[in-house]
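Right, I'll just put the structure down here and ask away after.
The values are calculated or read from the model by the stated rules, or taken from the named source; none is laboratory data. The structure presented is a predicted model; accordingly, all values stated were derived computationally and were not measured. Here Cβ is always computed from backbone atoms with ideal geometry, including for glycine, and neighbour counts include all displayed protein chains.
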Amino acid sequence: MVSHAADLPRPGPTPSTVGMAQLPIPSPFALSSSGRSHAAVEVRTPARVHLGMFSFGQAAMRGFGGIGVMLESPGVEVRMERDTEFQGVGTLGERAVEFARECAAAMRLDRHAACRIEVLSAPRSHVGLGSGTQLALAVAAGLHALHAPPDSPRGPIEIGEERRFCAEEALALGRTVGRGRRSCVGIYGFGGGGLIVEAGRWLPAGPAAVGVSPLIAQVRLPEVWRGVLVIRRDAEGLYGNPEKEAFSRLPAVDPGVTAELARLALLELLPAAMEGDFARFSSALHAYGRLAGVPFESESGRLPFHEATGRLIDRLGEIGFRGAAQSSWGPAVLVCCQSDADAQTLVGRLTSEGFDRDHDLVIARFESRGARLRFTAAVR
């Protein structure tokens with residue numbers, strides 16, 4: 001299956017970072033009073049690719065952190081409108097309602113502040129595309145917008161008008177649904193897209209992390225570049241309790257590995273992205289992805305698709321597409337291409353070699369604007 005993302009307008013500037021506890025709960029978006037009686041809100045998010053963490057397990061160092069990139073598709077799209085009770089429609093409807101209830105409690109809404117949530121589209125769960133965080137943020141954004149007073153900080157929105165999010169707004173939304181406890185790549189990506197580098201957070205002696213992971217850099221990739229996702233259909237990465245248990249068994253990351261990952265991210269990957277140097281970007285991405293996977297090998301090696309993913313990345317390098325790396329626990333692999341023509345060539349080559357029989361092949365633009373929100377007329 002091959003798909004392309006749609007063109008979207010650009011947002012305003014994206015602020016950098018702020019402590020989670022300092023963020024306000026109220027939504028920055030609210031419908032104008034003229035249209036509040038019968039309206040729905042639609043939120044569309046990008047997809048998140050997490051390319052690896054800097055560190056974990058070292059008491060004297062920040063934990064987690066790392067880099068990621070956002071793609072225009074396959075993202076999450078929800079449509080929400082007021083109702084007498086919470087209702088979820090679609091394959092992830094029940095999970096969307098769970099997020100809505102959590103957000104409503106955080107906003108201290110009364111029992112009448114319910115809504116109907118229709119999940120119009122979403123990537124497959126647990127393959128490394130951050131669908132859980134993007135769904136949570138989309139639901140939180142929609143609920144906030146439906147119940148915000150008309151005198152919101154950015155002024156009221158008219159029916160059909162589209163708005164984007166900044167980093168502070170995305171972090172506030174994440175706080176209402178309990179996201180960002182480990183990585184904030186997906187939250188920052190929701191609030192502005194791009195290639196994201198986050199510092200990680202200080203970890204106390206107990207299991208809880210302190211504060212929020214600061215945003216180091218958020219860079220737009222050249223518009224002509226493309227990403228190709230190669231996603232094995234019969235596989236899932238770790239999530240939930242199995243993932244927590246895997247982290248508890250993993251040894252601490254060697255400080256030398258963390259230092260080299262930071263060097264690759266800050267001195268090779270980011271400058272290459274800013275300069276539009278595709279060859280150096282691809283080389284740095286490949287090196288980062290390989291090294292970032294090393295601390296996880298004792299656990300990722302147990303996954304049934306582990307060896308096949310390694311062979312896929314090797315094969316991509318052999319046919320001239322070196323800029324490839326697995327996202328999170330996988331099985332999704334991102335391949336960077338210099339143009340749409342190159343992406344089409346790659347998909348054709350993989351199809352000729354039979355990869356389409358058990359993999360989804362998705363061509364997408366790199367997302368440089370983040371999630372969008374707009375009000376529409378309700379249909380019910």
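Which one is surrounded by the most Cβ atoms within 10 Å (Cβ to Cβ) among residues in the stretch 148-164 that are among the basic types (Lys, Arg) and at pLDDT 65 or above?
Taking the candidates together, the pick is ARG164.
Also, I was wondering about something else. Is it the case, given these coordinates, that GLY88 is under 22 Å from ALA377 (Cβ atoms) and touching a strand residue (DSSP E or B) at 6+ places or on another chain (Cβ under 9 Å)?
So GLY88 fits the description; yes.
Would you mention how many residues in the stretch 316-362 are more than 18 Å from LEU195 (Cβ to Cβ) and either part of a helix (DSSP H, G or I) or among the aliphatic types (A, V, I, L, M) (or both)?
Of the residues in that region, 21 qualify.
While we're here: Just checking, does the stretch 297-315 include any residue being part of a helix (DSSP H, G or I) and within 22 Å of GLU223 (Cα to Cα)?
no
Among (1) under 20 Å from ARG48 (Cα atoms); (2) among the acidic types (Asp, Glu); (3) out of contact with any helix residue (DSSP H, G or I) (no Cβ under 9 Å at 6 or more places or on another chain), there is one condition ASP342 misses while meeting the rest; what is its number?
Every condition holds for ASP342 apart from (1).
A follow-up question, please. Check ARG111, ARG95, ARG101 and return the single one that is under 16 Å from VAL76 (Cα atoms) and among the basic types (Lys, Arg).
Just one listed residue meets the conditions, ARG95.
Tally the residues that are closer than 30 Å to ILE216 by Cβ and assigned to a strand (DSSP E or B), restricting the search to the stretch 79-108.
0
Are any residues in the stretch 239-273 of a type outside the set (A, V, I, L, M), in contact (Cβ under 8 Å) with a residue 40 or more places away in the chain and touching a helix residue (DSSP H, G or I) at 6+ places or on another chain (Cβ under 6 Å), and if so, which ones?
Of everything in the stretch 239-273, nothing turns out to be of a type outside the set (A, V, I, L, M), in contact (Cβ under 8 Å) with a residue 40 or more places away in the chain and touching a helix residue (DSSP H, G or I) at 6+ places or on another chain (Cβ under 6 Å).
For every residue, the table says whether it meets (1) crowded, with 17+ Cβ neighbours inside 10 Å; (2) over 20 Å from the mean Cα position of the chain (by Cα); (3) of a type in the set (A, V, I, L, M); (4) at pLDDT 95 or above.
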| position | (1), (2), (3), (4) |
| --- | --- |
| GLU275 | no, yes, no, yes |
| ALA279 | no, yes, yes, yes |
| TYR288 | yes, no, no, yes |
| SER300 | yes, yes, no, yes |
| LEU303 | yes, yes, yes, yes |
| ASP314 | no, yes, no, yes |
| GLY320 | no, yes, no, yes |
| GLN326 | yes, no, no, yes |
| ALA332 | yes, no, yes, yes |
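Sort through VAL41, VAL49 and tell me the only one that's in contact (Cβ under 8 Å) with a residue 60 or more places away in the chain, under 24 Å from SER328 (Cβ atoms) and either out of contact with any strand residue (DSSP E or B) (no Cβ under 6 Å at 6 or more places or on another chain) or among the β-branched types (Val, Ile, Thr) (or both).
From the options VAL41, VAL49, the qualifying one is VAL49.
If you don't mind, another one. When PRO251 is evaluated against the numbered criteria (1) assigned to a loop (DSSP other than H, G, I, E, B); (2) crowded, with 19+ Cβ neighbours inside 10 Å, which criterion, by number, is the only one it fails?
Result: PRO251 passes all but (2).
When you look at ARG111, is it more than 27 Å from ARG233 (Cβ to Cβ), without any contact (Cβ under 8 Å) to a residue 24 or more places away in the chain, not in a helix (DSSP H, G or I) and not acidic (Asp, Glu), yes or no?
Yes.
Only residues that are assigned to a strand (DSSP E or B) and among the polar types (S, T, N, Q): list them for the stretch 114-132, please.
SER121
Another question about this same structure. Look at GLY180 and say whether it is over 16 Å from the mean Cα position of the chain (by Cα), at pLDDT below 95, closer than 30 Å to ARG62 by Cα and small (Gly, Ala, Ser).
no
Taking the stated definitions as given, is SER213 buried (at least 20 other Cβ atoms within 10 Å of the Cβ), under 27 Å from PRO74 (Cβ atoms) and at pLDDT below 95?
yes
Further question on the same structure: Look through GLY193, GLY186 and report the one residue that is more than 20 Å from MET53 (Cβ to Cβ) and modelled with pLDDT of 95 or more.
After ruling out the rest, the residue left standing is GLY193.
If you don't mind, another one. Just to verify a result, which residue in the stretch 70-99, among those that are of a type in the set (A, V, I, L, M) and over 21 Å from ARG48 (Cα atoms), is surrounded by the most Cβ atoms within 10 Å (Cβ to Cβ)?
Filtering first and then ranking leaves MET80.
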